[in-house]
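Novice: I have a structure I would like to understand better, so I am pasting it below and will then ask my questions one at a time.
The values are calculated or read from the model by the stated rules, or taken from the named source; none is laboratory data. A quick note: this is a predicted structure, and the numbers were derived from the prediction, not measured. Here the Cβ is made from the backbone with ideal geometry for all residues, glycine too, and neighbour counts use every protein chain on show. In case anyone asks, the SASA skips ligands and DNA or RNA and just uses the protein heavy atoms, side chains included. Shrake-Rupley method; radii C 1.70, N 1.55, O 1.52, S 1.80 Å.
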Amino acid sequence: MRTASSYRAGPMGLAGEPAQREVVLPFVGIQAKVRKSGMVFPPNLAERSWERIGAGLRELTNSSAWWLADWLIFGETTYGLRRYREAIDRTGLDYQTLRNYAWVARRFEQHRRWDSLSFAHHAEVTRLSPAEQDYWLREAEQRKWSRNELRRVVRAGLAEQNHAGELPANSGNHTQQARRPAESTAADRRRRQVTTLTIELDAGQLEHYSKVAATHGLSVDKWVTRVLDAAERRTG
């Protein structure tokens, strides 16, 4: 049985040189002739068959990024960094591109990868926390967002987060008197003191709060901090 990576030696060309080798792709079957450097379609190919071939090619292209990434990571883990670098050289592909593939794959265990979304969708959220990644990918799957649409909403959320961080806590209160230097110094000292607060949440609560935080473009811990700050201002 031939696999998706099988090749058949073609006939000899007119000049005695080997003709292009044919590639066997299961989702294409005998509906078209697949070669390493192209695809030839019969003139009577049904439109539905043409659509199925396109969907198969899309899945193949998307999966190949994951396959290459996992292959590279396996090489590094099993044979060491030297073999990993050699593996990159042997593919003949761009070094930085393959390194990026591996970088994304390391941030998504296989059980967290969405088959319905492209590798590029996952790449858009790699810099977020795992909870935020899961939230935005779930939103992208449910809302049928393209990669560009996902990028737009994530960047909008991050921009909102950065803008909120630049605003003073009481920027809207123009009548508030400026604090005296001694008061400012004491407040700054208190602000610089860092305390670790542990909050126990069950899985349902964590998922809920992660969704709420993500809608503001925040991680859960930053969202909790903002909520506590707001509560302090209301009771102060």
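Table: residues versus (1) modelled with pLDDT under 85; (2) surrounded by fewer than 16 Cβ atoms within 10 Å (Cβ to Cβ); (3) out of contact with any Gly (no Cβ under 7 Å at 6 or more places or on another chain).
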| position | (1), (2), (3) |
| --- | --- |
| 30 | yes, yes, yes |
| 45 | no, yes, yes |
| 85 | yes, yes, yes |
| 94 | yes, yes, yes |
| 121 | no, no, yes |
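Novice: Residues of the stretch 112-138 being of a type in the set (D, E, K, R) and in contact (Cβ under 8 Å) with a residue 60 or more places away in the chain, which ones?
Specialist: The answer is 132, 134.
Novice: Tell me whether the stretch 197-213 contains one or more residues that are over 14 Å from the mean Cα position of the chain (by Cα), part of a loop (DSSP other than H, G, I, E, B), modelled with pLDDT of 60 or more and surrounded by 10 or more Cβ atoms within 10 Å (Cβ to Cβ).
Specialist: Scanning the stretch 197-213, I find at least one residue that is over 14 Å from the mean Cα position of the chain (by Cα), part of a loop (DSSP other than H, G, I, E, B), modelled with pLDDT of 60 or more and surrounded by 10 or more Cβ atoms within 10 Å (Cβ to Cβ), so the answer is yes.
Novice: Contact list please: Cβ distance under 6 Å, first residue in the stretch 71-90 and within 16 Å of residue 101 (Cα to Cα), second residue assigned to a helix (DSSP H, G or I) and open to solvent by 100 Å² or more (accessible area, probe 1.4 Å), pairs at least six apart or on different chains.
Specialist: Here the result reads 88/95, each pair linking the stretch 71-90 to a residue that is assigned to a helix (DSSP H, G or I) and open to solvent by 100 Å² or more (accessible area, probe 1.4 Å).
Novice: Output the residue which, of all residues in the stretch 47-83 that are among the β-branched types (Val, Ile, Thr) and over 19 Å from the mean Cα position of the chain (by Cα), is surrounded by the most Cβ atoms within 10 Å (Cβ to Cβ).
Specialist: Of everything passing the filter in the stretch 47-83, 53 is surrounded by the most Cβ atoms within 10 Å (Cβ to Cβ).
Novice: Could you pull out the residue among 90, 127, 99 that is more than 14 Å from residue 62 (Cα to Cα), open to solvent by 20 Å² or more (accessible area, probe 1.4 Å) and not in a helix (DSSP H, G or I)?
Specialist: Just a single option satisfies the conditions, and that option is 127.
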